[in-house]
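Quick notes on the structure that follows.
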2 protein chains.
Amino acid sequence: MPNPLDLARDAATLTADLCDRPSVSLQEGELADAIEDALRPLAHLDVVRLGNTIVARTNLDRPERVVLAGHIDTVPLTVDPPNLPTVREPSGQGEILRGRGTVDMKGGVAVMLRLAYAVPAPTRDLTFVFYEAEEIDSIYNGLGLIERERPELITDADFAVLLEPTDGAIEGGCKGTLRAEITTKGIAAHSARPWKGHNAIHDAAPILTRLADYRAEVKEVDGLEYPEALNAVLISGGTATNVIPDRCVVTVNYRYAPSVSEDEAAAHVRSVFDGFEIDIVDNAGGARPGLNRPAAQAFIAALGVPVTAKQGWTDVARFSAMGVPAVNFGPGDPNLAHMDDERCPVAQYGACEEAMIRWLR
Amino acid sequence: MPNPLDLARDAATLTADLCDRPSVSLQEGELADAIEDALRPLAHLDVVRLGNTIVARTNLDRPERVVLAGHIDTVPLTVDPPNLPTVREPSGQGEILRGRGTVDMKGGVAVMLRLAYAVPAPTRDLTFVFYEAEEIDSIYNGLGLIERERPELITDADFAVLLEPTDGAIEGGCKGTLRAEITTKGIAAHSARPWKGHNAIHDAAPILTRLADYRAEVKEVDGLEYPEALNAVLISGGTATNVIPDRCVVTVNYRYAPSVSEDEAAAHVRSVFDGFEIDIVDNAGGARPGLNRPAAQAFIAALGVPVTAKQGWTDVARFSAMGVPAVNFGPGDPNLAHMDDERCPVAQYGACEEAMIRWLR
């Protein structure tokens, strides 16, 4: 067994070790092996492996069960300059750890491994989920794999914490996200004789004007504020510089409050772009924060950290869909996720672990 | 010498033969060889070769010299269905020849070869120019090659006829063409938190609105009408569906009357898009028709075909810049140039040849 994971080390050192075992999506095998090998010897855990997704459960007959979940894959590495191996270095905000995965989300995975190792008798029964392929097309997602093959491993929980980066705050729920393509169609012609055709790019003018004029709402859900957003994210039209374009496609992204259903979101986008050809290509509803539940209230009280609304879509929506309310809480600034110089203050890893221990011991 | 060109055949048969010798831009070598080999034996012609461009001149001490010019390259072939070899078939408008080059412009080249062969004692001295690489970046253009290395081969002419397709009419002069990129710049951010960025695609709304609202002028020059045009031809913005776009580029094409200078055209586009970042990436002035010149008047009188304004930019502007007024006259509908099913009524090739003979015999 080459280079086993030593879970006795502090969370920051463990994070660096996890990052230095590259595990870009669909290449998580070696890291999954190391996690499985580190957990199997722990007598208080039952370990199940599905693909490269590892589930470890305590069975202490506690009155409540909570899921702690984190994905073990990262987005691709950079080559020049390389963003692995990690570098630990001083900075204006104290010592930092720099490298791929330091934010999204090897630090959260390290905290989960530390808790599995150091808290053998938690106050709640725990289900640890280390899952594969979160950063790519959802058909590969390890949570989806569990949902299809062993849903009972998750659905018996009362609450879930997803250890995605939240910069040390609790981020409740998540917004939904809808992607639509709005297409204008014209008639191609030589650009010296445009009267023989019809310009599809010119026809997109009112689409962009409606977007520029759009004023998004801020919606309050379970006491948290979710600012919505409607944006063009891509535009593409035309085939050559001497041809009147016969097609223009504006791709818009609508981020909507968790109080809005997927159908309501689609209807809203259709009404904003009334009169245009609209194709909804992706639509994933959000998750209400569920902060009124006793399990969530206890979590918030124990941790004593700020509580805000999650802006981006995360797998908390997947837990929500399985009937398990979920929050996000983990080390790292989410604005630095996927950046080439991803980095996190070293102190955040230990602080996150300590906050979780306040709740579980 | 494999498969020589037989110039004794009728213009349509010769056109089919020329088309069936593929000569996509920068691959004109074999066709240039065949043309050179066919012209060298003709005692009344002096033949000069520069690269894959062939110039053949009579020297009969006529009071007037005219250039007959045509490019020997085509745009790329299609594969499925293939548009070569040519097919001769019946149609509603009489027999047609279908295939790459039948319009742009192997028919004009065939007529030139027929005249070189069948009219050894023309009423004007003739300079035939069979040139390479008209369909691609102008640095490769065979006329430009002559202009740089042997300009005297052209500048001693009083008039030029470019045998580009005009559907059998005389098309005088050509419009100028300007291409500009108008860029908006924003700030990238996650599309769930757009307030941390600035949307460059939304900023392009007034660019498209100004284009949609633009009313182009029709300008009269030397008795011909040139309708101007200003169009978006390409638009591109955004990098991913979850990122607020930090850049959007609208490429516009301004087609302007030959009475407008290149500088005036650039100033006009800058004024239409006042307030935006504009990069003029290409600007080629048009050519006045020059129909008031005696040589042009004689040509029009001899041919007895309709006279109209050329809408697209052609190499007549290159002749104009060298001090030689020029018109377009050739077989084929210019609207079918570059189309996959390029095709021309067989009768047009012979009719074009006969019209030219009315002028030259």
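The values are calculated or read from the model by the stated rules, or taken from the named source; none is laboratory data. Model, not experiment: these values are computed from the prediction. Cβ: placed from backbone, ideal geometry, glycine included. Neighbour counts: every protein chain shown.
Within the stretch B:152-182, the only residue that satisfies the criterion of being assigned to a strand (DSSP E or B), under 30 Å from B:Ile357 (Cα atoms) and charged (D, E, K, R) is B:Glu171. When the residues of the stretch B:126-140 are narrowed to those that are touching a residue at least 12 places away in the same chain (Cβ under 8 Å) and of a type in the set (D, E, K, R), which ends up surrounded by the fewest Cβ atoms within 10 Å (Cβ to Cβ)? My answer is B:Glu135. When the stretch B:183-200 is filtered for residues that are at the interface with another protein chain (Cβ under 7 Å from one of its Cβ atoms) and among the hydroxyl-bearing types (Ser, Thr, Tyr), only B:Ser191 remains. The single residue among B:Asp80, B:Asp46, B:Asp61, B:Asp20 that is more than 30 Å from B:Ala295 (Cα to Cα) and at pLDDT 95 or above turns out to be B:Asp20.
Of all residues in the stretch A:167-182, those that are buried (at least 19 other Cβ atoms within 10 Å of the Cβ) and either modelled with pLDDT of 95 or more or within 12 Å of another protein chain (Cβ to nearest Cβ) (or both) total 9.
Of all the numbered requirements in (1) in the same structural domain as A:Ser271 (by TED's automatic domain parsing); (2) surrounded by fewer than 17 Cβ atoms within 10 Å (Cβ to Cβ), A:Glu149 misses one, and that requirement is (1).
Exactly one residue among B:Asp213, B:Asp203 is free of Cβ contacts under 8 Å to residues at least 12 places away in the same chain and more than 7 Å from chain A (Cβ to nearest Cβ), and that residue is B:Asp213. For the stretch B:136-190, what are the residues that are charged (D, E, K, R), touching a Pro at 6+ places or on another chain (Cβ under 9 Å) and closer than 24 Å to A:Gly238 by Cβ? Within the stretch B:136-190, just B:Lys175 meets the criteria. Within this structure, A:Ala296 passes the test of being closer than 20 Å to A:Thr155 by Cβ and in the same structural domain as A:Glu134 (by TED's automatic domain parsing).
If the condition is being touching a residue at least 60 places away in the same chain (Cβ under 8 Å) and more than 24 Å from B:Asp213 (Cβ to Cβ), then the stretch B:233-252 contributes B:Asp246, B:Arg247. Of B:Val75, B:Val79, B:Val87, B:Val103, all but one fail to be within 30 Å of B:Asp341 (Cβ to Cβ), free of Cβ contacts under 8 Å to residues at least 24 places away in the same chain, in contact with a Lys or Arg (Cβ under 9 Å, 6 or more places away or on another chain) and assigned by TED's automatic domain parsing to the domain that holds B:Gly350; the exception is B:Val87.
Only one entry of A:Asn283, A:Asn242, A:Asn328, A:Asn231 meets the criterion of being closer than 16 Å to A:Glu171 by Cβ and either over 20 Å from the mean Cα position of the chain (by Cα) or modelled with pLDDT of 90 or more (or both), and that entry is A:Asn328. Checking A:Ala257, A:Ala296, A:Ala240 one by one, the residue that is within 14 Å of another protein chain (Cβ to nearest Cβ) and crowded, with 21+ Cβ neighbours inside 10 Å is A:Ala257 and no other. Evaluating B:Ala110 against the criteria (1) at pLDDT 95 or above; (2) surrounded by fewer than 21 Cβ atoms within 10 Å (Cβ to Cβ); (3) within 17 Å of the chain's Cα centre (by Cα); (4) among the small types (Gly, Ala, Ser) leaves one unmet condition, (2).
Yes or no: the stretch B:267-274 includes at least one residue that is within 13 Å of chain A (Cβ to nearest Cβ), more than 24 Å from the chain's Cα centre (by Cα) and at pLDDT 95 or above. Looking for residues that are within 13 Å of chain A (Cβ to nearest Cβ), more than 24 Å from the chain's Cα centre (by Cα) and at pLDDT 95 or above, one finds none in the stretch B:267-274, hence no.
Only one of the listed residues (B:Ala347, B:Ala321, B:Ala326) is in contact with a helix residue (DSSP H, G or I) (Cβ under 9 Å, 6 or more places away or on another chain), of a type outside the set (D, E, K, R) and without any contact (Cβ under 8 Å) to a residue 60 or more places away in the chain. That residue is B:Ala321. Looking at B:Leu224, B:Leu230, just one residue is touching a residue at least 12 places away in the same chain (Cβ under 8 Å) and within 13 Å of another protein chain (Cβ to nearest Cβ), and that residue is B:Leu230.
If you filter the stretch B:299-319 down to residues that are more than 17 Å from B:Val66 (Cα to Cα) and within 13 Å of chain A (Cβ to nearest Cβ), you find that the one that is nearest to the chain's Cα centre (by Cα) is B:Thr314. Residues that are charged (D, E, K, R), buried (at least 23 other Cβ atoms within 10 Å of the Cβ) and under 26 Å from the mean Cα position of the chain (by Cα) are absent from the stretch A:194-217. Restricting to the stretch B:46-72, name every residue that is buried (at least 19 other Cβ atoms within 10 Å of the Cβ) and farther than 10 Å from B:Asp125 by Cα. Across the stretch B:46-72, the qualifying residues are B:Asn52, B:Thr53, B:Ile54, B:Val55, B:Ala56, B:Leu68, B:Ala69, B:Gly70, B:His71, B:Ile72. Exactly one residue among A:Asp73, A:Asp61 is within 25 Å of the chain's Cα centre (by Cα), among the charged types (D, E, K, R) and over 19 Å from A:Val346 (Cα atoms), and that residue is A:Asp73. Scan the stretch B:78-127 for residues that are under 26 Å from B:Leu39 (Cβ atoms) and among the β-branched types (Val, Ile, Thr) and the total you get is 8.
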